[in-house]
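Visitor: The structure is given below, and queries will be raised subsequently.
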Amino acid sequence: MLLLISPDSVEEALDCAKAAEHLDIVDVKKPDEGSLGANFPWVIREIRDVVPADKPVSATVGDVPYKPGTVAQAALGAVVSGATYIKVGLYGCTTPDQGIEVMRAVVRAVKDHRPDALVVASGYADAHRIGCVNPLAVPDIAARSGADAAMLDTAIKDGTRLFDHVPPEVCAEFVRLAHGSGLLAALAGSVTQADLGPLTRMGTDIVGVRGAVCEGGDRNAGRIRPRLVAAFRAEMDRQAREYAVGVPAVN
């Protein structure tokens with residue numbers, strides 16, 4: 001399982017660089033603009049410059065509306081700015097067909113510029129609260145649009161977590177559907193160390209966190225701390241070792 005960490009500034013990215021041995025992907029977002037809020041192109045470029053070259057940079061393009069042209073241009077801006085993972089939150093898509101239309105436009109815009117970039121279609125575990133596509137429809141949307149990964153996050157950051165809205169058995173079905181279509185499966189949404197056992201056992205490919213590695217657990221007011229990144233990775237590794245030998249780890 002890969003660890004994706006989401007700084008919201010160049011200063012936080014420098015803290016991520018100090019913890020580079022413990023993380024796999026640096027994800028650029030702007031939390032005050034939403035769950036998958038898009039940051040500025042120059043911030044993506046600056047973060048790409050300060051993160052070690054062997055660590056890929058991911059960028060969110062926003063909690064997007066059902067406007068394929070608008071979203072395709074935003075995605076192109078992210079990849080031109082140096083991101084190699086492009087994440088799209090299907091916030092304004094109310095049907096699978098709308099999601100597919102948006103994601104096909106994104107895939108074309110991104111892959112025409114950089115064929116090796118990875119496109120991530122993201123749904124929301126709390127879709128019922130915002131009226132967007134069902135979480136279990138996202139792997140099919142990703143597959144039919146030519147994306148590389150399917151992801152779930154939470155749209156409303158009010159203290160509720162991924163498993164509060166989509167229980168582990170449903171998340172496991174999401175992962176199974178993604179893998180069945182040859183996609184990576186990414187899960188996020190106020191994930192904590194206590195969630196790593198089930199996430200490991202269901203075969204999650206990428207786990208995304210911010211609050212769990214911020215001072216005080218606060219994704220908005222807290223700052224990412226290298227020691228918290230190291231502690232989170234240590235628990236990931238412990239869960240992976242226990243799972244490999246078939247002994248459940250105690251959280």
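The values are calculated or read from the model by the stated rules, or taken from the named source; none is laboratory data. Keep in mind it's a predicted model, so treat the numbers as computed, not measured. Here Cβ is always computed from backbone atoms with ideal geometry, including for glycine, and neighbour counts include all displayed protein chains. Remember, those area values only see protein heavy atoms, side chains included, never the ligands or the DNA or RNA. Shrake-Rupley method; radii C 1.70, N 1.55, O 1.52, S 1.80 Å.
Visitor: Under the Karplus relation 6.51 cos²θ - 1.76 cosθ + 1.60, θ = phi - 60°, what is the ordered set of whole-Hz ³J(HN,Hα) values for the range 128-136, x standing for Gly and Pro?
Guide: 5, 8, 10, x, 9, 4, 4, x, 6
Visitor: For the range 2-244, with equal point scatterers placed on the C-alpha atoms only and solvent neglected, what are the log10 I(q)/I(0) values from the Debye formula at q = 0.07, 0.08, 0.10, 0.14 1/Å, to two decimals?
Guide: Taking Cα atoms of the range 2-244 as identical point scatterers yields -0.19, -0.25, -0.40, -0.83.
Visitor: Just the number please: accessible area per residue for the range 2-244, 1.4 Å probe, all protein chains included, in Å².
Guide: Using a 1.4 Å probe on heavy atoms only, each residue of the range 2-244 averages 39 Å².
Visitor: Residues in the range 203-231 near a label at GLU21, defined as backbone nitrogen under 12 Å from the 7 Å Cα→Cβ point?
Guide: 230
Visitor: Across the range 2-244, how many lysine pairs, 8 or more positions apart or on different chains, have C-alpha atoms separated by under 22 Å? Please give the number.
Guide: 18
Visitor: Please turn the phi angles of the range 73-90 into ³J(HN,Hα) values with the Karplus equation 6.51 cos²θ - 1.76 cosθ + 1.60 (θ = phi - 60°), one per residue in order, whole Hz, x for glycine and proline.
Guide: Ordered by residue, 3J(HN,Hα) equals 5, 4, 5, 4, x, 5, 6, 4, 6, x, 7, 10, 10, 10, 9, 10, x, 7 Hz.
Visitor: Tell me, what % of the accessible area of the range 2-244 is carbon and sulfur with a 1.4 angstrom probe? Show your work: numbers first, answer last.
Guide: Details: 4920 of 9530 Å².
Ligands and nucleic acids excluded, carbon and sulfur reach 52 percent.
Visitor: Let me ask something additional. Output the relative contact order of the chain, whole-number percent, from Cα pairs under 8 angstrom with separation of 6+ residues. Please report the intermediate quantities before stating the final value.
Guide: Working: 561 pairs, mean separation 43.1, N = 251.
Reported relative contact order: 17 percent.
Visitor: Cα centroid distance between the range 1-62 and the range 127-191, in Å?
Guide: 21 Å
Visitor: Which cross-chain or sequence-distant (5 or more) residues have an amide H under 5 Å from the amide H of GLY62, H modelled 1.01 Å from N in plane?
Guide: ALA38, GLY89
Visitor: Residue-wise, which Karplus ³J(HN,Hα) couplings in Hz belong to the range 10-19, taking 6.51 cos²θ - 1.76 cosθ + 1.60, θ = phi - 60°, and x for glycine or proline?
Guide: 5, 4, 5, 4, 5, 5, 4, 4, 5, 10
Visitor: Can you pull the one-decimal nm distance between simple spin-label points at ILE130 and ASP54, each 7 Å off the Cα toward Cβ?
Guide: Between ILE130 and ASP54, the label points sit 3.6 nm apart.
Visitor: To the nearest 0.05, what FRET efficiency results for ALA244 and GLU169 with a Förster distance of 22 Å applied to their C-beta separation?
Guide: On the way: r = 22 Å, r/R0 = 1.00.
Taking R0 as 22 Å, the efficiency between ALA244 and GLU169 is 0.50.
Visitor: Further question: Hey, can you grab everything whose amide H is under 5 Å from the amide H of TYR124? Only 5+ residues off in sequence or another chain; H modelled, so Pro and N-termini drop out.
Guide: ASP153
Visitor: If you don't mind, there's one more thing I want to ask. Quick one: go through the range 1-33 and flag any residue whose amide nitrogen is under 15 Å from the point 7 Å out along the Cα-to-Cβ line of ASP237.
Guide: 1-3, 19-24
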